[in-house]
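Structure first, then comments.
The values are calculated or read from the model by the stated rules, or taken from the named source; none is laboratory data. Please read these numbers as outputs of a predicted model, since none were measured by experiment. All Cβ positions, glycine included, derive from the backbone under ideal geometry; neighbour counts span all protein chains shown. When the accessible area is computed, the model is the full protein with side chains, heavy atoms only, and any ligands, DNA or RNA have been set aside. Shrake-Rupley method; radii C 1.70, N 1.55, O 1.52, S 1.80 Å.
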Amino acid sequence: MNAPAETVRGGVAGWFEERLRISGLLAALLHVRIPVSAQTYYLGGISLFLFGVQLISGTLLALYYKPTADAAYESVKYITSVVDFGWLIRSVHHWGATLMIASVGLHMGRIFVQAAYKYPRELTWMFGVLLFAVTILFGFTGYLLPWDQKAYWATTVGTEIAGGVPLIGDALLNLLRGGADVSDATLNRFFGMHVLVLPLLLAGLVVVHLTIVHQLGLASPRHPEPRPVRRGGPAQPVDEPLKPFFPHYILDELIAWFVVLAALVVLASVLPAGLEDEADPLITPQHVKPEWYFLSVYQLLKIVPRTIGIVAPMIAVAILLLLPFLDRNPAVAKRRRPLALSAAVLAVIGLVALTVWGAQS
Amino acid sequence: MEPPTIGSMEPQPAPDAAARSSGREAPPSPPRRRFLRFLVGFSAASTLGMIIAPIVGFLIPPRTQGSGGGRVVAGTLEDIPANTGKVVAMGSAPVIVVNTEAGVKAYSAVCTHLGCIVGFDTTVRHIVCPCHDGHFNPASGAVLSGPPPAPLPPIAVALEDDEIVLVPSGG
Ligand code: HEM
Ligand code: FES
């Protein structure tokens, strides 16, 4: 390892450097402005790591998985009970999904609490909300693939919810299901989305997201970003020291990945992914419940009229997307953002309460 | 060195990288440093091993069960009259059953040349491979002409009433 800006001569590195002239680019990539007070809790990087885990474990699963209503269930059973380490790969994919949704959610939470969505990071935040949506869609489409009773009926209910969207509901339902019911056609659509469309989309969005993060550097949780000097206005230079991205931040990030990998392997081994009876379109099982991250919406739909239960989450997502423009307060210090923080606390309490209620009912 | 400030865009070399690049004539690594290096290398190698081992295990396809070791009914003598032949599946293995003057015989239908599936040619009364025109003697499986280097391996057959039964070799 050489200092990033140094040009290497001789040796293998030198051979490639002469032909690629890439050390300048690498040096620039390895330099991100990080104010000493920045505290990311490595959550964005952990989300990225988990995306990598999902790509690898998912590609492996696709080698044995068969995306048809006749064969899907048996192929998943085959992976779990016949293929060497099949149970492990499948369970890692299962827990990787849960941890990824959790880490993306926590990442969003830390951005909010530290006010890193404010000027000039509005676009970083908006691309982040899109990433969050795509991550959730991964969960939704992946859940159907084992084609067991849980998968089938959770998807029946989930797509029914989409069907309740005002005006476009019927068309949306038909488009999602590829017909009137959840069927072989639905499985094919969900499979295509899950293994092709969403991964490409997420990868593209991540590239944009990280490019912006790289260009702007991390936000300081202590000082608002100074705006360029306007006519006559006094400049307010903020002299906060930086800490090195490479190797310090990268090393810490790596350690965080190790911890997550360990947690993943333990969870996958102790609580492996299950498989219920094969899907039967004629028998609805006793308790149809979605994955934990959909429990709040599920519970909301039980206690309010259908249209409200469907429109309310859509409004919530719209508010999230437009947050940097709705919250015009330039302050980043917590005690100077009482409104935003108390609204967020209320929202989180509501979300948790609905989730717990949904899990118990 | 002045601490870098938010306004500065210059890349800041990491302190120890700077120390290392200027330390060409540094004394040889003390044992502690060598031990730490070993520890880092060992951790990296075991992590890689831990990730790669299950992946390799997963990639190796599980053994496909054959026909389950039992007998396979290839058909009746009516299906395969004298001087004809038929390719049937024994588990996942193709087998050619021929009815010759020497009796009912069966061979692996996989050509010993490059793996095409042989058939029975009723005009010349040979087992013939369509790929490179290899001819086999239906009575023995021996090569009559063409590129195949070896005879077709025989499969045991038994007649039970008029049913032709293939008996997979044990195992
Ligand atoms: C797949 C999902 C995501 C990945 C892989 C990802 C990755 C990252 C990474 C690696 C960083 C660098 C700093 C850090 O690690 O915290 C970052 C920063 C950031 N992310 Fe994300 N992110 C994702 C989703 C989101 C979401 C859902 C939001 C918010 C709605 C968001 C908003 C931001 C913002 C505003 C920053 C800049 C933070 C700062 O300057 O301090 N990201 N992201
Ligand atoms: S493969 Fe049969 S003759 Fe070449």
Practice item. Under 1.5 on a/c is rounded, so check that first for the range B:72-167, then, if it is not, pick prolate when a/b is larger than b/c and oblate when it is not; a ≥ b ≥ c are the square roots of the alpha carbon gyration tensor eigenvalues. Key: prolate
**Study point:** Helix A:306-326 vs. chain A, principal-axis angle (Cα, 0 to 90°, nearest 10)
**Key:** 10
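Return the FRET efficiency for the residue pair residue A:255, residue A:334: r is the Cβ-Cβ distance, R0 is 35 Å, and the value is rounded to the nearest 0.05. Don't jump to the answer; show the numbers that get you there.
Details: r = 28 Å, r/R0 = 0.79.
Approximately 0.80, to the nearest 0.05.
Within the set of other residues whose C-beta is less than 14 Å from the C-beta of residue A:44, count the net charge using Lys and Arg as +1 and Asp and Glu as -1. Numbers along the way, then the final one.
Working: positive: A:110, A:121; negative: A:252, A:253.
Neighbour charge sum, excluding residue A:44 itself: 0.
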Study note, to complete from the structure: Note on the range B:94-133: contact order normalised by length, alpha-carbon pairs under 8 Å, 6 or more apart, percent, works out to 28
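Roughly how big is the protein assembly as shown's charge dipole about its Cα centre, with Cβ charges of +1 (Lys, Arg) and -1 (Asp, Glu), in debye to the nearest 20? Before the final figure, lay out each step's value.
Numbers: 37 positive and 36 negative charges, 620 e Å.
For this selection, approximately 2980 debye.
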Review point. What full-extension length gain, to one decimal in nm, is calculated for residue B:78 and residue B:169 as 0.36 nm per residue of separation minus the Cα-Cα distance?
Key: 30.2 nm
Exercise for review: Give the shape of the range A:120-179 as rounded, prolate or oblate, defined through the alpha-carbon gyration tensor: a ≥ b ≥ c are the square roots of its eigenvalues, a/c under 1.5 means rounded, and otherwise the shape is prolate if a/b is larger than b/c and oblate if not.
Suggested key: oblate
Check your understanding: How big is the B/A interface in buried accessible area, both sides summed, 1.4 Å probe, to the nearest 100 Å²?
Key -> 2300
**Study point:** Charge dipole of the protein assembly as shown about the Cα centre (unit charges at C-beta), most positive-ward option of A:246, A:320, A:173
**Key:** A:246
Point to revise | Solvent-accessible heavy-atom area per residue, rounded to whole Å², over the range A:249-350 at 1.4 Å | key: 65
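I need the calculated FRET efficiency for the pair residue B:122 and residue B:63, taking r as the beta carbon distance and R₀ as 41 Å, to the nearest 0.05.
Numbers: r = 37 Å, r/R0 = 0.91.
My answer for the efficiency is 0.65.
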Study note, to complete from the structure: For the pair residue A:348 and residue A:102, the simple spin-label estimate (label points 7 Å beyond Cα toward Cβ) gives in nm 1.6
Check your understanding: Hey, got the Cα dimensions of chain A along the principal axes, in Å, largest first?
Key -> 70, 57, 36
Review point. Name the residues of the range A:243-272 whose amide N is less than 19 Å from a point 7 angstrom out from the Cα of residue B:39 along the C-beta direction?
Key: A:248, A:251-259
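At R0 = 30 Å, how high is the FRET efficiency between residue A:36 and residue A:359 if r is their beta carbon distance? Nearest 0.05 is fine. Kindly include the intermediate steps, with their values, before the conclusion.
Details: r = 41 Å, r/R0 = 1.36.
Once the sixth-power term is evaluated, E becomes 0.15.
Report the relative contact order of chain A, percent, no decimals, based on alpha-carbon pairs under 8 angstrom and at least 6 residues apart.
On the way: 364 pairs, mean separation 94.8, N = 361.
Normalised by residue count, the contact order of chain A is 26 percent.
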Check your understanding: Rounded to a whole number, what % of the accessible area of chain A do carbon and sulfur atoms account for, probe 1.4 Å?
Key -> 70
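Longer than 30 Å from Cα to Cα, which of A:118/A:289; A:118/A:243; A:243/A:334; A:66/B:86; A:66/A:150; A:77/A:289 are they? Say none if no pair is. It would help to have the intermediate numbers written out before the result.
Numbers: A:118/A:289 37 Å; A:118/A:243 22 Å; A:243/A:334 23 Å; A:66/B:86 32 Å; A:66/A:150 18 Å; A:77/A:289 22 Å.
From the list (A:118/A:289; A:118/A:243; A:243/A:334; A:66/B:86; A:66/A:150; A:77/A:289), the Cα-Cα distance tops 30 Å for A:118/A:289; A:66/B:86.
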